[in-house]
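These notes concern the structure reproduced below.
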Amino acid sequence: QVQLVESGGGLVQAGGSLRLSCVASGRTFSGYTMGWFRQAPGKEREFAASISWNGGRTYYADSVKGRFTISRANAKNTVYLQMNSLKPEDTAVYYCAGALPGSAWDYWGQGTQVTVSS
């Protein structure tokens, strides 16, 4: 089992920045692909970004590409999401997720709220 705890959410004005953190505990963090998803009110949860176990590969949704950066520090069991140039449509609960390579997203955090005001 892997337990994930997100932090760093909050209220920010459009154009501002936030950095989300997700700390993992339990099994070996470095073996997992990590990702960030988000769910806006009334909408389904959607993929935002992911990073391979060694940080060598990253993927982004088109909606966040060029504005968000995912990174990880395996020595700290932590994955980050740096969010710049935030827009009101980025308002959502952001979830950290973990998966063994090639497997489904089996592990989820409780989420952290990000609200972007116009």
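The values are calculated or read from the model by the stated rules, or taken from the named source; none is laboratory data. None of these values were measured; they are calculated from a predicted model. When we count neighbours, we look across all protein chains shown, and the Cβ atoms used for this are built from the backbone with ideal geometry, even at glycine. For the accessible areas, the whole protein counts, side chains as well, though only heavy atoms, and no ligand, DNA or RNA atoms are used. Shrake-Rupley method; radii C 1.70, N 1.55, O 1.52, S 1.80 Å.
In a residue-by-residue description of the range 51-61, the property of being within 19 Å of Q13 (Cβ to Cβ) and open to solvent by 40 Å² or more (accessible area, probe 1.4 Å) applies to no position. Looking for whichever is farther than 27 Å from S118 by Cα and among the polar types (S, T, N, Q) here; the options are S52, S63, S7. Which one fits? Testing whether each residue is farther than 27 Å from S118 by Cα and among the polar types (S, T, N, Q) leaves just S52.
Pick from the range 69-103 the residues that are without any contact (Cβ under 8 Å) to a residue 24 or more places away in the chain and either closer than 18 Å to V5 by Cα or open to solvent by less than 60 Å² (accessible area, probe 1.4 Å) (or both): which of them is nearest to the chain's Cα centre (by Cα)? If we take residues in the range 69-103 being without any contact (Cβ under 8 Å) to a residue 24 or more places away in the chain and either closer than 18 Å to V5 by Cα or open to solvent by less than 60 Å² (accessible area, probe 1.4 Å) (or both), then S71 is nearest to the chain's Cα centre (by Cα). Would you confirm whether or not the range 30-38 contains a residue that is in a loop (DSSP other than H, G, I, E, B) and open to solvent by less than 20 Å² (accessible area, probe 1.4 Å)? Yes, the range 30-38 contains at least one residue that is in a loop (DSSP other than H, G, I, E, B) and open to solvent by less than 20 Å² (accessible area, probe 1.4 Å). Within the range 39-62, being small (G, A, S), outside any strand (DSSP E or B) and in contact (Cβ under 8 Å) with a residue 24 or more places away in the chain holds for A40, S52. Residues of the range 39-50 that are surrounded by 14 or more Cβ atoms within 10 Å (Cβ to Cβ) and closer than 13 Å to W105 by Cβ: R45, F47, A48, A49, S50.
For the range 7-29, the set of residues classified as open to solvent by 60 Å² or more (accessible area, probe 1.4 Å), under 18 Å from S52 (Cα atoms) and among the polar types (S, T, N, Q) consists of T28 only.
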